[in-house]
Amino acid sequence: MPQRPVKDGPVGTTDIEHLLRSEAPQVLGALVRRFGRFDIAEDAVQEALLAAHRAWSADGVPENPRSWLIRIGYRRMVDQLRSEQARRRREQEAGMAELAMEEPARRAGPAEEADDGLTLLLLCCHPALSPASQVALTLRAVGGLTTAQIAHAFGHTEATLGTRISRAKQQLARAGARFTAPTASDRQGRVAAVMRVLYLIFNEGYTASAGEELARVDLTDEAIRLTRMLGDAVPDDAEVTGLLALMLLTGSRHAARSDDDGGLVPLGEQDRTRWNRDLIREGTRLIDGVWSRRTTGPYQLQAAIAALHAAAATPERTDWPQIAMLYLWLERLTPTAPVRLSRVVAVAQAYGPVRGAALLDALNRRHGLDRDPLTRRRERAVRAHLLRMTGDAAGATALYREAAELTGNQVERRYLLDEADRST
């Protein structure tokens, strides 16, 4: 087969790794579509990727790398099916797979392959799985991250994460999940499930729930890459576009979120010249392109809020009244504790700490933000900030310390303790 040479040295290796990660979902989709066995197909793809890395580093990238990977994956699938000492039905499936390799007309064509990435995402985000399992399986099967990488990102042992992924595959089998494209009636709901998973991955990367690092850029980058892939599959979905815009605009602040010592720098104190202007331009263009459509969803609203932050040259020029209005709109669409607490912050910035504190009191009475697991830490930090702004230093100090005890992220904990010391 003709070879497509790659550059020597580290650049060539990086090119190969990038190519393998981009092709892996399509290869896995082709194998699952052919065999209907997600559990062993994922292992076969990993073996094919390892074989490709070795072969292509030495001999160059083949002219059609996807076909190369699918062929090797087919062989690995056949080997695994035979090694199971399966019943005759499985042996016949293996023989059919070998026949498919010899008949080019039966191979997946470009049109089918183009949909495999979306179908695979939908399978990994199947409703039979818990959110944690959906995230792990998506990162493993579609993102191409190793079990060890995912375990490190979420603070688990490799054995624990491996067990979770294995159980997720078994749950899919028990649920009778099939590798099929969504019907028109369930497409929107299933794509929405994928967006929730990608949003969870991005948020965990943006502020890690535990550990010594404030952020996990590998996770935010992967979430953006997968959302781009989802957007390519459903280009007319304004909410997917809004989600991508939100990730780009939020991720643009990464370099400014930490100081030279690794400490957290809050939004209002960040050096905005360090924000990534390319990401801001792309994210703003995307949200502007869908904002005028008839319906506006939660991700579009969050992207619009992020765009207002990005448009402000200084913190003082931020359009907080507009942001407060957008959060009110967002709260009506998604009345969650984090959204309500964010509206408190916007109202306090727009209209003063007394009004912000009054809103927080009202929301606590009605919705218990101070008790909700998603907001109880941040509720204390927000109230501490409002107390400090109104002159109650002792109350602010106590609440900052309470908030610090509720976080597992050590960078965030040090920041909150520093804020407590500043308030005394």
> When both residues are 6+ apart or on different chains and their Cβ atoms are under 9 Å apart, which pairs have a first residue that lies in the range 208-233 and is on the phi > 0 side of the Ramachandran plot, and a second that is among the polar types (S, T, N, Q) and in a helix (DSSP H, G or I)?
Replying inline: Gly211/Gln410
> So which residues in the range 55-72 are under 16 Å from Thr13 (Cα atoms), part of a helix (DSSP H, G or I) and of a type in the set (A, V, I, L, M), if there are any at all?
Replying inline: Ala55, Ala58
> Which one is farthest from Glu212 (Cα to Cα) among residues in the range 135-163 that are open to solvent by 40 Å² or more (accessible area, probe 1.4 Å) and in contact with a Ser or Thr (Cβ under 8 Å, 6 or more places away or on another chain)?
Replying inline: Glu158
>> Please verify whether Ala304 is among the small types (Gly, Ala, Ser) and out of contact with any Asp or Glu (no Cβ under 7 Å at 6 or more places or on another chain), treating the condition exactly as stated.
In response: yes
>> For the range 337-367, give me each residue that is in contact (Cβ under 8 Å) with a residue 24 or more places away in the chain and closer than 22 Å to Gly408 by Cα.
In response: Ala337, Pro338, Leu341
>> Being surrounded by 13 or more Cβ atoms within 10 Å (Cβ to Cβ), farther than 23 Å from Met229 by Cβ and either among the acidic types (Asp, Glu) or at pLDDT below 85 (or both) is true for just one of Ala86, Ala55, Ala114, Ala108. Which residue is that?
In response: Ala86
> Quick check: anything in the range 241-260 among the polar types (S, T, N, Q) and open to solvent by less than 10 Å² (accessible area, probe 1.4 Å)?
Replying inline: yes
>> For Asn409, only one of the following conditions fails: (1) open to solvent by 10 Å² or more (accessible area, probe 1.4 Å); (2) of a type in the set (S, T, N, Q); (3) out of contact with any helix residue (DSSP H, G or I) (no Cβ under 8 Å at 6 or more places or on another chain). What is its number?
In response: (1)
>> Within the range 37-54, does at least one residue satisfy the condition of being in contact with a Ser or Thr (Cβ under 7 Å, 6 or more places away or on another chain) and assigned to a helix (DSSP H, G or I)?
In response: no
> Among Arg383, Arg401, which is the only one that is within 16 Å of Pro266 (Cα to Cα) and either part of a helix (DSSP H, G or I) or more than 27 Å from the chain's Cα centre (by Cα) (or both)?
Replying inline: Arg383
>> So Gly352 ticks every box in (1) open to solvent by 30 Å² or more (accessible area, probe 1.4 Å); (2) over 26 Å from Asn276 (Cα atoms) but one. Which box is left unticked?
In response: (1)
> Can you name the residue in the range 305-322 that is touching a residue at least 12 places away in the same chain (Cβ under 8 Å), part of a helix (DSSP H, G or I) and within 17 Å of Trp275 (Cβ to Cβ) and is also most open to solvent (accessible area, probe 1.4 Å) among such residues?
Replying inline: Ala311
> If you go through the range 175-185 one residue at a time, do you hit one that is assigned to a helix (DSSP H, G or I), aromatic (Phe, Trp, Tyr) and either under 21 Å from Arg274 (Cβ atoms) or open to solvent by 10 Å² or more (accessible area, probe 1.4 Å) (or both)?
Replying inline: no
>> Return the residues of the range 273-304 that are open to solvent by 50 Å² or more (accessible area, probe 1.4 Å) and either in contact with a strand residue (DSSP E or B) (Cβ under 8 Å, 6 or more places away or on another chain) or among the β-branched types (Val, Ile, Thr) (or both); say none if nothing qualifies.
In response: Thr273, Thr295
> Before we move on, is Gly205 in contact with a Gly (Cβ under 7 Å, 6 or more places away or on another chain) and of a type in the set (Gly, Ala, Ser)?
Replying inline: no
>> I'd like to verify a number: residues in the range 246-265 that are over 13 Å from the mean Cα position of the chain (by Cα) and assigned to a helix (DSSP H, G or I), how many?
In response: 4
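The values are calculated or read from the model by the stated rules, or taken from the named source; none is laboratory data. Here the structure is a predicted model, which is why all the values come from computation and not from measurement. Glycine gets a Cβ as well: all are built from the backbone with ideal geometry, and neighbour counts include every protein chain shown. In case anyone asks, the SASA skips ligands and DNA or RNA and just uses the protein heavy atoms, side chains included. Shrake-Rupley method; radii C 1.70, N 1.55, O 1.52, S 1.80 Å.
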